[in-house]
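Below is one structure, written out as C-alpha cells; comments come after it.
Nothing in this text is a laboratory measurement; each read-out follows from the coordinates by a stated rule. For clarity, every value in this text was computed on a predicted model and none was experimentally measured. Glycine gets a Cβ as well: all are built from the backbone with ideal geometry, and neighbour counts include every protein chain shown.
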Amino acid sequence: PPQTDRLTISGTLSGSDGVDGGDGADGSDGPDVADLGKETPQDWALLQNYPNPFNPETVITYELPETADVRLEIYSISGTRVAEWIRTGQSAGRYQVSWNAGNLSSGIYLYRLQAANVTITKKMILLK
C-alpha cells in the first residue's frame, strides 16, 4: 500500500472526549480518541465496528492490556490505505475512534490494529 502521513487520505477519524490523537496530515490536530473505562482489559482486542453496515460514520473500539504504540489503519478491499491513525505510548484501557467515510465509495473496507507485537484485522461495510 502507498505510504501516507499520520492521519487521513480519505475520510476522517475522530473521537468524543477531546484527547489529542496526534498530528494530522492535513494540518489539523488529528483525531481524538475516547477512553471508555477505568478497568484494564485482560487481552488485546479489536471489536466489530458499530454500526455495520454504516453510512457514513462508524465507531471502532479496541482494547489494550498494557501501554503500547498503536496504529489503526483502514484499507479499501483493493488494498489502498484510506486512513491511518498513530498514537505513541497509549495507556492500557478501552478506546473508541469514530470514522467518517463520507467521501468514499460504498464497499468493503478492512481495519487493522497494530500494537506491541499484536495485529488484528476486521471487515466493515460502507453502504450508501
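Estimate the FRET efficiency between Q42 and I77 by the formula 1/(1 + (r/R0)^6), using the beta-carbon distance for r and 35 Å for R0, to the nearest 0.05. With a Förster radius of 35 Å, E is 0.65. Taking 7 Å steps out from each Cα toward its Cβ at A92 and K122 produces label points 2.2 nm apart.
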